[in-house]
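> Below you'll find the structure I mean.
The values are calculated or read from the model by the stated rules, or taken from the named source; none is laboratory data. Please read all numbers here as calculations on a predicted model, not as lab measurements. Cβ coordinates were reconstructed from backbone atoms using ideal geometry, including for glycine residues, and neighbour counts include every protein chain displayed.
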Amino acid sequence: MIILIAGGCKNNNSKRVPLAKAGKSTLYLDQVTGLVPAGTPSTDSTALVKNYINSWAKRELMYQKAEENITADLMKDIDNQVREARMNLVIYQYQRQMMLQKMDTTISDTELENYYLNNKGSFVLNYNIVKALLIKLPQETPGLARIRNLARSNNQANLHQLESLCYQFAEKYDDFKDEWVPLNQLMAEFPYVTNNQENFLRNNTFYERQSADSAYVYMLSIRDYRLRSSVAPFEYVRDDIKRIIWTNRRLEFIQSLENGIYNDALKKNIFTLLTK
């Protein structure tokens, strides 16, 4: 039996080969072909096959015992649940197929921007965000004063020099690709956390702090910020808007598909009300 399982069925036209029987159910060779990987020692193969067959038998026998003893009402409820689950799965797969074939998935920048302008009240920040540059340097880094001056600059040439120096000496250098990030994310990197982020942002464009053991110098250059309770910048919520538009478009497509099938059924008398 193990040789057959390891080698697979050689003749697809031959009759199914039974391996075990549990009550009304039979386990066939083609149901377990491939269970034993090629090259598996015979002792391991035997144990693997026996364990599988025993597990199969226990499950089948339990199912049959349950089916014989469960009440008719419960069985009816189970049948209804199975039918409902099958309907939902078939409908979902059909809707997905139709969306892939017919739904327009292109979302233009203009559409994104218009949605943002028309729904700004939906994009109020719950936390402070910044565009910033974060640097962590060993205290003995040569030219700290120059790095500090470069970090304060907005000149691109200076920032390129800063990047080159930080790649040589910094333990951490992150410009976040000029993207908005939560201030909490940055403050988690610092040895000191401010209790009033709003005042901190209003009063600082550059912030420097030493670690408790004075081994490192932390620098934070803040390029821009938005405070909590203000409207989030478009670029910060751009991906969220895209998901919202896609979800709305999906719901509209499914509703249109459903209504189309319904109206077509009415026209063709596939659906009729039998009682009033």
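> Can you pull out every residue in the stretch 221-271 that is among the aliphatic types (A, V, I, L, M) and part of a loop (DSSP other than H, G, I, E, B)?
Pass one, the stretch 221-271, residues among the aliphatic types (A, V, I, L, M): 222, 227, 231-232, 237, 241, 244-245, 251, 254, 257, 261, 265-266, 270.
Selection gives 227, 232, 270.
> What single numbered condition from (1) polar (S, T, N, Q); (2) touching a helix residue (DSSP H, G or I) at 6+ places or on another chain (Cβ under 7 Å); (3) in contact (Cβ under 8 Å) with a residue 60 or more places away in the chain fails to hold for residue 154?
Going through (1) polar (S, T, N, Q); (2) touching a helix residue (DSSP H, G or I) at 6+ places or on another chain (Cβ under 7 Å); (3) in contact (Cβ under 8 Å) with a residue 60 or more places away in the chain one by one, residue 154 breaks only (2).
> Based on this model, can you work out whether residue 207 counts as of a type outside the set (Asp, Glu), in a strand (DSSP E or B), under 24 Å from residue 229 (Cβ atoms) and out of contact with any Asp or Glu (no Cβ under 8 Å at 6 or more places or on another chain)?
Answer is yes for this residue.
> Something else: Which one of the conditions (1) surrounded by 12 or more Cβ atoms within 10 Å (Cβ to Cβ); (2) more than 28 Å from the chain's Cα centre (by Cα); (3) modelled with pLDDT under 90; (4) not polar (S, T, N, Q) does residue 213 fail to meet, given that it meets all the rest?
Among (1) surrounded by 12 or more Cβ atoms within 10 Å (Cβ to Cβ); (2) more than 28 Å from the chain's Cα centre (by Cα); (3) modelled with pLDDT under 90; (4) not polar (S, T, N, Q), residue 213 violates only (1).
> Is it the case that the stretch 212-234 has a residue that's under 30 Å from residue 140 (Cβ atoms) and among the β-branched types (Val, Ile, Thr)?
Within the stretch 212-234, the subset under 30 Å from residue 140 (Cβ atoms) is 212-223.
Right, trim to among the β-branched types (Val, Ile, Thr) and you get 217, 222.
Yes - at least one qualifying residue is present in the stretch 212-234.
> Right, residue 231: at negative phi, of a type in the set (Val, Ile, Thr), in contact with a helix residue (DSSP H, G or I) (Cβ under 9 Å, 6 or more places away or on another chain) and at pLDDT below 90 or not?
The answer is no for residue 231.
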